[in-house]
1. What FRET efficiency comes out for the pair GLU53/LEU76, r = Cβ-Cβ distance, R0 = 25 Å, nearest 0.05?
2. Which aspartates and glutamates, on any chain, are close to LYS62 with Cα under 19 Å apart, when same-chain ones fewer than 8 places away are left out?
3. Starting from the Cα of LYS71, draw a straight line to each of the aspartates and glutamates and keep only those under 17 Å, dropping any in the same chain fewer than 8 residues away.
4. Can you pull the one-decimal nm distance between simple spin-label points at ASP87 and GLN26, each 7 Å off the Cα toward Cβ?
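Bear in mind that the values in this text are calculations on the coordinates, not laboratory data. As the structure is a computational prediction, the values presented were derived from the model and not from experiment. Positions of Cβ are backbone-derived with ideal geometry, glycine not excepted, and every protein chain shown enters the neighbour counts.
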Amino acid sequence: MRAVLLITLLFVAVASAQSPTPIVVQAANSTAAATSTSSKAAASTTDVHSIPEAIKLLEQIKATNEEVLAKQKAALERLGELQDAADQLRIFAKRG
């Protein structure tokens, strides 16, 4: 009896949790087409000016990534040294 009640409650919870997602459809008229054409022209002009800026930004990101990688490499080397030291301590602890 409890199993049936539990299954029913789970079914109700799952059924109520599902909601249809709204679908937005844009109206097809001539002003929308003219606006999209002019916005494409403006976007291409903006892209011409933003390409050098994007390159500079990517170079900055690359430099930052190289710094992070160098820090991580140093940390890994330090961890390797600590691991070697810990291994030596274990060996000496077994002898003593």
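1. Approximately 0.10, to the nearest 0.05.
2. GLU53
3. GLU81
4. Spacing of the two 7 Å Cα→Cβ label points: 6.2 nm.
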